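Notes follow once the structure below has been shown.
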Amino acid sequence: MSDVKSEKIIRHLSDKWKGRSCPMCGTGNWNVSDKVFELREFNGGNMVIGGNSPIIPIVPVTCDNCGNVVMVNGIVAGAVSHESEEKTK
């Protein structure tokens with residue numbers, strides 16, 4: 001699944017970050033990914049399908065200057081719907 005609602009996450013970031021710069025290098029040029037990734041609980045290197053292990057949809061936001069990556073929860077930011085997250089459980 002890679003259907004990111006770009007306008008929603010950019011609005012969310014603008015509202016919450018209020019123009020903050022990168023904590024690593026001090027610049028303020030960010031690149032918001034158009035893909036959603038999954039953050040899973042570590043299980044000793046074994047892939048666990050199903051079960052009760054939560055999967056968190058993550059949208060990476062990368063500093064254009066130094067490459068620092070901030071992971072933003074896709075559901076909280078409005079990039080993906082909560083229903084999409086329920087399907088992955």
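Some points to look at:
- With the highest mean first, a sort of the peptides 23-36, 62-75, 41-54 on other beta-carbon atoms found within 10 angstrom per residue produces 62-75, 23-36, 41-54.
- Only the Cβ atoms of Lys and Arg (+1) and of Asp and Glu (-1) were treated as charged; on that basis the dipole of the chain about its Cα centre amounts to roughly 220 debye.
- Amide H contacts of ILE75: VAL80, each under 5 Å away and 5 or more positions distant or on a separate chain (H built 1.01 Å from N in the peptide plane; Pro and chain starts excluded).
- Within the shell defined by Cβ-Cβ distances under 15 Å, the residues around ASN29 carry a net charge of 0, with Lys and Arg each +1 and Asp and Glu each -1.
- Karplus-based coupling profile of the stretch 32-38, in residue order and whole Hz: 8, 5, 9, 10, 10, 10, 10, with θ = phi - 60° in 6.51 cos²θ - 1.76 cosθ + 1.60 and x standing for Gly or Pro.
- Full extension of the segment from ASN31 to ILE10, taken as 0.36 nm per residue of separation minus the current Cα-Cα distance, would add 6.6 nm.
- Residue by residue, the stretch 9-17 carries 3J(HN,Hα) couplings of 5, 5, 5, 4, 5, 4, 5, 7, 7 Hz when phi is fed to the Karplus relation 6.51 cos²θ - 1.76 cosθ + 1.60 (θ = phi - 60°); x denotes Gly or Pro.
- The chain, helix-only ellipticity at 222 nm - DSSP H runs n ≥ 4, -39,500 (n - 2.57), divided by all residues, nearest 500: -5500 deg cm²/dmol
- Candidate values [x] 1.02; [y] 1.19; [z] 0.98, label of the one derived for Rg/Rh (Cα atoms, Kirkwood Rh): [x]
Laboratory data are not the source of any read-out in this text; all were calculated from the coordinates shown. Worth saying up front: this structure is predicted, and the values here are computed from it rather than measured. Reconstructed Cβ throughout: ideal geometry from the backbone, glycine too, with neighbour counts over all protein chains shown.
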